[in-house]
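The structure appears below as structure tokens.
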Amino acid sequence: MKRTPAHAYLGFGSNLEERRENITNGLAMLRESGQVKIIKISSLYETEPMGYTRQGLFLNAVALVETDLSPQDLLSLCKSVEVQLGRKPTVRWGPRILDIDILMYFMESGDTLPSDSENVIQVELDTQALTLPHPRMWERGFVIIPLAEVSPNLLMADGRRIKSLIQDFRMWTGLRLFETGPWWQEVGVNCKGWQIMRFAEVESTNTIAVNLASFGAPEGTCIIAETQSAGRGRRGRLWHSPSGGLWLSILLRPKIQSPDVGWLSLIAGVAVSSAIRDTFQLPAVVKWPNDVLVSGKKVCGILPETRFIGDEMDFAVVGIGVNVAIDTSLLPRKVQETSATLVSPDHPFASEAREALTVSLLDNFSLLYRQFLSEGFSGILQEVKEYCDTLGREVIVSHLGMPVHGIAVDIDSDAGLIIRTESGEDIHVMSGEVSIRVPGAGYACE
Ligand code: BTN
């Protein structure tokens, strides 16, 4: 009987010459050996050197691979790739063209990934040539963060999931997200990643994404800006976008019908809420249809924009604005009353936290989106309901220009809100401004 292949996590690091190409070439050579199949690769992270600090910044990444090789043979292959790419002996923690470490190695009895399977044996080894799991990996943010990106549900020895470390700001010290997505394809991994384009200042990331979409940009294009001079909110409002926030727009090309568009906003809302919970441990919830609140204050707004050709969707741009670490005194007084920032802009790790939130948000979004595409709304409905704080509340929604008053009882298959009026009639509302009744007060609006 053929043995089920093993899975291993490999850590890559380079700080000499063409760092990105060194890692890309290393991965490609492993794949071309025919003995290693690359399952998933993290983003590239740029990190400050440890130990011997008088050397250039490193680029690091982690890959999950499948292999029939034993740990020792896998190590030999990795070392031979390093040498073929020109690695020379150096001081411990010194500069290097490419370093490939085996971090963890799992033998399985099933065919699932390590994070999902209960029938997995983690190999422990302590020989002169190889110690498994890698003895220093848990102290290294440049290993933990990309590892958590590749397999967020990987169990640690204390029973926690590795994704819980993403919110530990110490892990982000000296680390920054360098590049996500497209570099995977250069390695020959058939994995749809995000193509992120970062800008210092733009008028509106949505406008850029819509323009790029019209020129044929692919699904997965993601525009992120440091500030927006004319950020757009719903109903033609201005969206104030000072530095410290996360202002991004995601371009999608799903083959869906127009009534399904509402699901894209709800997917974004759940992805943002879950990322906020994981990164900041704050109780973020979705306010149907397009907002994310923390303790009743708006921390995120979502603006979907779509173009149809006939009945067929050409593209959707989902604009997401998160007040991660903004100076709220820069917002107009009325907006200040109803909005909040997740952390103070003076927080020493504000920018690291924003990177962590970005990675988590995009990861959540792609999981939910793929589930929606494969299973339809029923595949994500339960999760949406769990995050949607509007359900069960007394609301007033403007519907066809008229206020509808009642209890929000459910979400329908078109992502509409079902409101049960006092007379017991269920009204399906497709979009609108929701005001939620606050006990003892009037209605709290946006
Ligand atoms: C709302 O009114 O609540 C929606 C706000 C959406 C703001 C985001 S920020 C990124 C993207 N670019 C824009 O111009 N708007 C969206």
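Here is how the numbers come out for the structure above:
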{"quantity": "Subset of region 13-66 (residues that are outside any helix (DSSP H, G or I), free of Cβ contacts under 8 Å to residues at least 60 places away in the same chain and surrounded by 20 or more Cβ atoms within 10 Å (Cβ to Cβ))", "calculated": "Val36, Val65"}
{"quantity": "Selection from region 200-245 of residues that are within 22 Å of Lys334 (Cβ to Cβ) and near the ligand (Cβ under 8 Å from one of its atoms)", "calculated": "Ser204, Gln228, Ala230, Gly231, Arg232, Gly233, Arg234, Arg235, Arg237, Trp239, Ser241, Gly245"}
{"quantity": "Set Ala268, Ala230: member being in the same structural domain as Glu305 (by TED's automatic domain parsing), surrounded by fewer than 22 Cβ atoms within 10 Å (Cβ to Cβ) and of a type outside the set (Ser, Thr, Tyr)", "calculated": "Ala230"}
{"quantity": "Test: residue in region 210-217 that is in contact with a helix residue (DSSP H, G or I) (Cβ under 6 Å, 6 or more places away or on another chain) and either among the aliphatic types (A, V, I, L, M) or closer than 18 Å to Cys300 by Cβ (or both)", "calculated": "no"}
{"quantity": "Subset of region 397-428 (residues that are of a type in the set (Val, Ile, Thr) and at pLDDT below 90)", "calculated": "Val397, Val404"}
{"quantity": "Sole exception among (1) in a strand (DSSP E or B); (2) modelled with pLDDT of 90 or more; (3) not aliphatic (A, V, I, L, M) for Ser265, by number", "calculated": "(1)"}
{"quantity": "Enumerated strands (runs of 3 or more DSSP E) restricted to region 284-355, each holding at least 2 residues that are assigned by TED's automatic domain parsing to the domain that holds Gly141 and away from the ligand (no atom under 13 Å from the Cβ)", "calculated": "none"}
{"quantity": "Region 246-262, residues that are part of a helix (DSSP H, G or I) and among the hydrophobic types (A, V, I, L, M, F, W, C)", "calculated": "Val261"}
{"quantity": "Unique residue being in contact (Cβ under 8 Å) with a residue 60 or more places away in the chain and hydroxyl-bearing (Ser, Thr, Tyr) when the list is Ser241, Ser229, Ser258", "calculated": "Ser241"}
{"quantity": "Test for Glu32: is it of a type in the set (Asp, Glu), within 14 Å of Phe178 (Cβ to Cβ) and at pLDDT 90 or above", "calculated": "no"}
{"quantity": "So Glu375, is it charged (D, E, K, R) and closer than 19 Å to Ser249 by Cα", "calculated": "no"}
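Let's see how each residue does on (1) over 19 Å from Leu64 (Cβ atoms); (2) in the same structural domain as Leu64 (by TED's automatic domain parsing); (3) aliphatic (A, V, I, L, M); (4) at pLDDT 85 or above:
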site	(1), (2), (3), (4)
Met137	no, yes, yes, yes
Ile145	no, yes, yes, yes
Glu149	no, yes, no, no
Asn153	no, yes, no, no
Leu165	no, yes, yes, no
Gln185	no, no, no, no
Gly188	no, no, no, no
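The values are calculated or read from the model by the stated rules, or taken from the named source; none is laboratory data. Quick caveat: nothing in here was measured; it's all calculated off a predicted structure. Don't worry about glycine lacking a Cβ; one is built from the backbone with ideal geometry, like all the others, and counts go over all protein chains shown.
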